[in-house]
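Okay, structure first, notes after.
What follows is calculated from the coordinates using simple rules that are stated; it is not laboratory data. The structure displayed is predicted, hence computed values, not measured ones. Backbone-built Cβ (ideal geometry, glycine too); neighbour counts: all protein chains shown.
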Amino acid sequence: MQILLASRNPSKLRELRDALPSWEIELLVTSDEPVEGGETFAENARIKARHGRLHAPADAWVAGEDSGIEVAALGGRPGVASARWTTRHVEDLLAALEGFVDRRARYVCEIVLVAPNGDELAAHGTLEGVVALEPRGSEGFGYDPILVPLGTSATVAELGDRWKAEHSHRAQAARELARALAAAER
């Protein structure tokens, strides 16, 4: 399967390639960026995929992905604004949670795939966890140094990229997308 990912984020590209090793996935970078004005991750993923579809070759499949972290004590924020919430993601989230006992959080990922004919498939993945008291680990990106997945004592950044390829919210959504595509082709 060949897919163009409507994104400028090479880390997301790498993670999708790791999760779907039999797929050929490349970035589709356009001269203009769509406005991520959706209220949900799914809406923003659809906006990106449809925007990419307008700029892609006619025979290309285009994926849009939106993801972020939802923190219970912050009413689900930063949520869909995770990438735009602040420029100091880890530091500012830790500061916002100072004094909170409830540190439950989850990563959310939505992927929308648009076929050359305009048909769409959508997939969802989550990774439940808690926010650590301080950053730990060196792999991954974004909030990975502070999210401790349930059932572990290590942050995602400590667990590493190989672990993420199997267990992350993005890996879960990618596998769900592969299953949806296989079912649609039957």
If each K or R counts +1 and each D or E counts -1, the residues other than residue 159 whose Cβ falls under 12 Å of its Cβ total -2
Between region 79-109 and region 1-52, what is the C-alpha centre distance in whole Å?
-> 23 Å
Label point distance in nm, residue 184-residue 134, each placed 7 Å from Cα along Cα→Cβ | 4.7 nm
Where chymotrypsin sites (Phe, Trp or Tyr not before Pro) fall in DSSP loop in region 1-100, at most 15 other Cβ within 10 Å = 100
Residues 158, 26, 15, sorted so that the one with the fewest Cβ neighbours within 10 Å comes first | 26, 158, 15
